[in-house]
Amino acid sequence: MGFDAVVVGASLAGCTTALQLGRAGLRVAVVERQRSMGAHKGLCGHFVLGGTKPTLERLGLWQAMLDRGAATSRPRVWTGDGWVDPDVDRLDPAISLRRRVLDPFLRQLVADTPGVELLLGHRVTGLLTEGRRVTGVRATSDAGEQALPARLVVGADGHTSPVARLAGVEADAAPNGRFLYWSYYRDLPAGEEPKLWLVGADVAVIVPTDDGLWLVGVFGAKAGLEPFADRRHEAIERYLSDLPESPSLHPEQRVGKVVGTSDYPFARRDPVPRPGLVLVGDAATTSDPVPAVGCGWAFRSAEWLTDAVIPALHGRRDLGRAARAYRRSHRFVDRYDRLARRDALTLDVPRPARLIREAATHDSDVARRLGLFAMRAAPPSVVMNPRTLARAWRTVRAARRAPSAVGDVRATATT
Ligand SMILES: Cc1cc2nc3c(=O)[nH]c(=O)nc-3n(C[C@H](O)[C@H](O)[C@H](O)COP(=O)(O)OP(=O)(O)OC[C@H]3O[C@@H](n4cnc5c(N)ncnc54)[C@H](O)[C@@H]3O)c2cc1C
């Protein structure tokens, strides 16, 4: 007898999918090439944006992450024109727990879920098919090859997605004009605040994570890559030292090596590429790591998928229609990814974005909208709409002509 679903990949997207399917009483196999329960993704800044909080709460993961030491934060943002303070009353915070803690915890949760079989040390090397329909996978382990038939195959196998490749699914790739380097620091002065600096096309961050650590990073345009060729700790510390209200960092506060990459291109695939096959997380959309969206998209796309297909796998709905409903939900990600592709190449920040950044330092309504956008808690239209752009333009004009009038704009900001 086959499985209701085979999930390929036991990382964020795969574990979330398997958890939800298992909790719904379905039979699931999770195939993961890593052999160890403790394996984790190393190249990840693990800053999960506030827009994912409702999903994490629904999955029962938010409190569990806090229990394991996760730190929450709403960074203040330096725009070059001034500081934008977060709307602490209405903006859900981001949450940060290093992947070395998060990944094994999620995998254990999956292993403990009735109905779910976790197959570690198994690599998917082929697909079972009937015509165009994907009907299962072939997995290879030390014990040899085994066929795992299923009504639904879920590719949660990351940005290179071997499952997509085996199914002949092309990725729509795009270049990224920025690099990312970060490291961890401890013993920062008491009262230090999470901050994010927008410096033209560059972004610098200092945000808390578990175990009393702070992640300190520079995500810059590749034209500024040269100082990061070696002695990267010094390069990060020098970059931050020029920024307003940055903490002074010392070598004795460093924890571990500098992590990062000088190049991380985009890849987008149809999340429902063939009958019987769906893609979630990075396998569907590997976006720019700079705005820290990937973990959130992994959790949220798995939630959209399972909401759509659970009734179908219980025989109450057509599976093809359910998969198409998932594709529609996934458009939330696609809209942001289109903007991110432009942003990752635009080394000169576009005029509307500059306007919004400047207006947000004066006008609490524009600031609130920018916060929802940055935390991916609303579609991009929360900022990118004619009314908000017009309001931003009026605010900036008033601020430049008569700074004293700016207080009026704040006071009359709509909610
Ligand atoms: C430099 C960098 C920084 C980032 N920082 C952040 C951040 O701060 N915040 C954020 O939200 N996102 C960040 N991301 C993105 C985030 O790491 C990813 O979006 C997220 O890990 C995607 O999760 P996933 O489950 O889809 O895929 P992955 O985590 O890539 O997992 C894929 C899984 O599939 C398994 N697998 C692959 N092939 C096979 C096979 N053939 N058979 C069986 N198993 C297989 C792999 O072993 C792995 O366990 C960052 C990414 C990068 C590159």
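The values are calculated or read from the model by the stated rules, or taken from the named source; none is laboratory data. These numbers were taken from a predicted model, which means no experiment stands behind them. All Cβ positions, even for glycine, are placed from backbone atoms using ideal geometry, and neighbour counts span all protein chains on display. Accessible surface is based on the protein model in full, side chains and every heavy atom, while ligands, DNA and RNA are left aside. Shrake-Rupley method; radii C 1.70, N 1.55, O 1.52, S 1.80 Å.
Each residue in segment 298-322 was checked for being touching a residue at least 60 places away in the same chain (Cβ under 8 Å) and open to solvent by less than 40 Å² (accessible area, probe 1.4 Å), and 12 pass. Tell me, please, whether a residue that is among the β-branched types (Val, Ile, Thr), in contact (Cβ under 8 Å) with a residue 24 or more places away in the chain, in a helix (DSSP H, G or I) and touching a Leu at 6+ places or on another chain (Cβ under 8 Å) can be found in segment 251-258. The answer is no, given that none of the residues of segment 251-258 is among the β-branched types (Val, Ile, Thr), in contact (Cβ under 8 Å) with a residue 24 or more places away in the chain, in a helix (DSSP H, G or I) and touching a Leu at 6+ places or on another chain (Cβ under 8 Å).
Just to be sure, is Asp187 in a loop (DSSP other than H, G, I, E, B), surrounded by fewer than 20 Cβ atoms within 10 Å (Cβ to Cβ) and within 16 Å of the ligand (Cβ to nearest atom)? It is false that Asp187 is in a loop (DSSP other than H, G, I, E, B), surrounded by fewer than 20 Cβ atoms within 10 Å (Cβ to Cβ) and within 16 Å of the ligand (Cβ to nearest atom). Residues in segment 270-294 that are more than 8 Å from the ligand (Cβ to nearest atom), more than 19 Å from Val203 (Cα to Cα) and either acidic (Asp, Glu) or free of Cβ contacts under 8 Å to residues at least 24 places away in the same chain (or both): Asp270 alone.
Inspection of segment 211-224 identifies at least one residue that is farther than 21 Å from Leu49 by Cα and open to solvent by 40 Å² or more (accessible area, probe 1.4 Å).
For Tyr264, state whether it is open to solvent by 20 Å² or more (accessible area, probe 1.4 Å), within 13 Å of the ligand (Cβ to nearest atom) and either in contact (Cβ under 8 Å) with a residue 24 or more places away in the chain or under 30 Å from Pro194 (Cα atoms) (or both). In short, yes. Looking across segment 193-210, the residues that are assigned to a loop (DSSP other than H, G, I, E, B), open to solvent by less than 40 Å² (accessible area, probe 1.4 Å) and at pLDDT 95 or above come down to Pro194, Thr209. Within segment 13-57, being surrounded by 18 or more Cβ atoms within 10 Å (Cβ to Cβ), among the basic types (Lys, Arg) and near the ligand (Cβ under 10 Å from one of its atoms) holds for one residue alone: Arg33. Taking the conditions exactly as written (more than 11 Å from the ligand (Cβ to nearest atom), surrounded by 22 or more Cβ atoms within 10 Å (Cβ to Cβ), touching a residue at least 40 places away in the same chain (Cβ under 8 Å) and assigned to a strand (DSSP E or B)), does Leu180 satisfy them or not? Criteria not met by Leu180. The test for being open to solvent by 10 Å² or more (accessible area, probe 1.4 Å) and outside any loop (DSSP other than H, G, I, E, B) does not hold for Pro86. Kindly indicate whether any position in segment 102-113 is more than 14 Å from the ligand (Cβ to nearest atom), assigned to a loop (DSSP other than H, G, I, E, B), open to solvent by less than 60 Å² (accessible area, probe 1.4 Å) and under 23 Å from Val8 (Cα atoms). Yes, that holds for at least one residue. Within segment 213-237, the set of residues being charged (D, E, K, R) and either in contact with a Gly (Cβ under 9 Å, 6 or more places away or on another chain) or in a helix (DSSP H, G or I) (or both) comprises Lys222, Glu226, Arg232, Glu234, Glu237. Here Leu240 clears all of (1) in a strand (DSSP E or B); (2) crowded, with 18+ Cβ neighbours inside 10 Å except the condition numbered (1). The residues listed here are Arg387, Arg342; of these, the one that is under 24 Å from Ala171 (Cβ atoms), open to solvent by 20 Å² or more (accessible area, probe 1.4 Å) and away from the ligand (no atom under 16 Å from the Cβ) is Arg342. Taking segment 1-19 as the range and being of a type outside the set (A, V, I, L, M) and part of a loop (DSSP other than H, G, I, E, B) as the test, the residues that pass are Gly2, Gly9, Ser11. Per the listing Ala156, Ala143, Ala173, the residue uniquely within 14 Å of Asp282 (Cβ to Cβ), more than 14 Å from the ligand (Cβ to nearest atom) and out of contact with any Leu (no Cβ under 7 Å at 6 or more places or on another chain) is Ala173. Looking only at residues in segment 89-101 that are in contact with an Asp or Glu (Cβ under 9 Å, 6 or more places away or on another chain) and open to solvent by less than 30 Å² (accessible area, probe 1.4 Å), the one that is nearest to the ligand (Cβ to nearest atom) is Ser96. Here Val349, Val366, Val382, Val333 are screened, and the one residue that is open to solvent by less than 30 Å² (accessible area, probe 1.4 Å), out of contact with any Ser or Thr (no Cβ under 9 Å at 6 or more places or on another chain) and hydrophobic (A, V, I, L, M, F, W, C) is Val349. Here Trp78 meets each of (1) closer than 21 Å to Glu245 by Cα; (2) within 14 Å of the ligand (Cβ to nearest atom); (3) of a type in the set (A, V, I, L, M, F, W, C) with one exception, condition (2). Taking the criterion of being basic (Lys, Arg) and assigned to a loop (DSSP other than H, G, I, E, B), the residues of segment 89-101 that qualify are Arg90, Arg98.
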